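The values are calculated or read from the model by the stated rules, or taken from the named source; none is laboratory data. Quantities reported herein were computed from a predicted structural model and do not represent experimental measurements. No Cβ is skipped: glycine too gets one built from the backbone with ideal geometry, and neighbour counts run over all protein chains shown.
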Amino acid sequence: MIPNAVVTVGVFDGVHCGHDAIIRRLLDAAREKKGESVVVTFWPHPRLFLTPEGAGLKYLSTLREKRELFEKKGVDHFIIIPFTRELSNYSSEKFIKEIIVGKVNAKCLIVGFNHHFGKNREGSFESLKSLAVKYEIDVEQVDARMVDKYNVSSTRIREALNSGDIPLANRLLGYHYSINGTIIGGKKIGRSLGFPTANVLPKERYKLVPKDGVYAVYIKIGDDILKGMLNIGLRPTLNNGENGKSIEVHIFDFKHQIYGKDVQVRFVDRIRDEVKFSSVDQLVEQLKKDKTMARKILSSEG
C-alpha cells in the first residue's frame, strides 16, 4: 500500500504533451496532500483485446521508455497492471474498488478529459464522481491540451509518424521520437559508395517505425550524441531483388567500429521518399544532396 496515494490511470502511450497537464496536476496534488504521486498503466495495450484492428497496433513508447519519461517528470511510483481478458470485463466500480482503492490505496484520482474505464468504457467522469463519494476518494478531471490546433493524442501522433510528418509528431510529443536498437552486420555496400552505413535492428517489434524514406537524425551511442541521416525501406536501387525492409544510418564524420552496440535513433525531419535510381552514380549524387540537407536541418536545431 502506498501512503496517501495521488493516482492517475491510463495507457500513456508516448507520454506526450497531452499528458503533461495531467502529470503536472498529479505532482501538485501529491504535494498539497503530502502524499505520493502514482501512475497506473496497462500492458499490453487494451486495444489488443478490445478492437479487431488492435492486433496490428504499434506503440509509441515501450514500458522502459514510459518509466524513464515518468521518472524524469518526477513521478514517485510507476505501476504496471497486466491487461488481461478478465480485467477487460471489470465494471468501472470493480476496477475502482479492487485496483485503485484496494491495491493502490488511492486518496485522490486525477483523469484526463476523455477518460473512460470499465467494461465497454462504461465508466465516465460523472459515474466516477459517484464512486468517489462511495469509496471516499477525491477526483479531478484535467482539460485537453491543444498544440498547433491539434487535440494532442497518441492516435494523432501515430498518424503523423505514419505519414512522415516528423516535426508535427515531435511537437505533439514534446521531444524527438526515437527508436532503440542494436547495430548488426550488413553487406557493406554503402562503404563502397562513400556512405558507410550501420544497420539498426529495433529492440522491440511492436515499436512504431516511421514511414519509409530518408531522415535527418541524431544517433545516441553511450554518452555521445552524433548527427547523421537514415534510410528506412527496401533500398530499391541496390537490393537486387532481395526482400525485407531495413533501417540504415550513416553517421557523419564517424569511423569507429560499432557492431553489436546499442544505439538510439532520434528523428528530426524527413528529407524525401525512397526512390529507385537508374544508376548507382545517380544514387550517390542524391546521397550527397541528402547529406547536405540533413546537416542543414540538424544545424537549425542547434
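At-a-glance table
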item	result
Filter result for Ile258 (surrounded by 13 or more Cβ atoms within 10 Å (Cβ to Cβ), modelled with pLDDT of 95 or more and either under 25 Å from Asn180 (Cβ atoms) or over 21 Å from the mean Cα position of the chain (by Cα) (or both))	no
Among (1) under 16 Å from Val11 (Cβ atoms); (2) in contact (Cβ under 8 Å) with a residue 24 or more places away in the chain; (3) crowded, with 16+ Cβ neighbours inside 10 Å, the one test that Pro82 misses	(3)
Close pairs (6 angstrom Cβ cut-off, 6 or more residues apart or separate chains): in contact (Cβ under 8 Å) with a residue 40 or more places away in the chain in the range 146-175, of a type in the set (Lys, Arg) anywhere	Val147/Arg171; Val152/Arg145; Asn162/Lys211; Gly164/Lys211; Gly164/Arg270; Ile166/Arg270
Residue within the range 189-199 that is assigned to a strand (DSSP E or B), at pLDDT below 95 and surrounded by 14 or more Cβ atoms within 10 Å (Cβ to Cβ) present	yes
Residue within the range 280-288 that is basic (Lys, Arg), surrounded by 13 or more Cβ atoms within 10 Å (Cβ to Cβ) and at pLDDT 90 or above present	no
Yes/no for Val209 being modelled with pLDDT of 95 or more, among the aliphatic types (A, V, I, L, M) and part of a strand (DSSP E or B)	no
Subset of the range 14-41 (residues that are in a loop (DSSP other than H, G, I, E, B) and buried (at least 24 other Cβ atoms within 10 Å of the Cβ))	Gly14, Val15, His16
Qualifying residue in the range 64-76 (condition: surrounded by fewer than 16 Cβ atoms within 10 Å (Cβ to Cβ) and either touching a residue at least 60 places away in the same chain (Cβ under 8 Å) or among the β-branched types (Val, Ile, Thr) (or both))	no
Some residue of the range 99-108 being surrounded by fewer than 18 Cβ atoms within 10 Å (Cβ to Cβ), of a type outside the set (Lys, Arg) and part of a helix (DSSP H, G or I)	no
So Gly222, is it at pLDDT 90 or above and at positive phi	yes
Complete set of residues in the range 80-133 that are modelled with pLDDT under 80 and either in contact with a helix residue (DSSP H, G or I) (Cβ under 8 Å, 6 or more places away or on another chain) or of a type outside the set (D, E, K, R) (or both)	Phe113, Asn114, His115, His116, Phe117, Gly118, Lys119, Asn120, Glu122, Gly123, Ser124, Phe125
Top-ranked residue of the range 1-13 - restricted to ones that are among the aliphatic types (A, V, I, L, M) and in a loop (DSSP other than H, G, I, E, B), ranked as farthest from Asp76 (Cα to Cα)	Val11
Candidate set: the range 124-158, residues that are among the hydroxyl-bearing types (Ser, Thr, Tyr) and touching a Lys or Arg at 6+ places or on another chain (Cβ under 9 Å); chosen: the one farthest from Cys108 (Cα to Cα)	Tyr150
Matching residues, the range 69-98, being of a type in the set (Val, Ile, Thr) and in a helix (DSSP H, G or I)	Ile96
Near pairs, Cβ below 6 angstrom, 6+ apart or cross-chain, from the range 275-293 (in contact (Cβ under 8 Å) with a residue 60 or more places away in the chain) to any residue that is among the hydroxyl-bearing types (Ser, Thr, Tyr)	Leu283/Thr237
One residue from Gly181, Gly174, Gly164, Gly213 being surrounded by fewer than 18 Cβ atoms within 10 Å (Cβ to Cβ), farther than 24 Å from Ile22 by Cα and small (Gly, Ala, Ser)	Gly213
Test: Asn180 is more than 20 Å from Ile271 (Cβ to Cβ) and either assigned to a strand (DSSP E or B) or in contact with a Leu (Cβ under 9 Å, 6 or more places away or on another chain) (or both)	yes
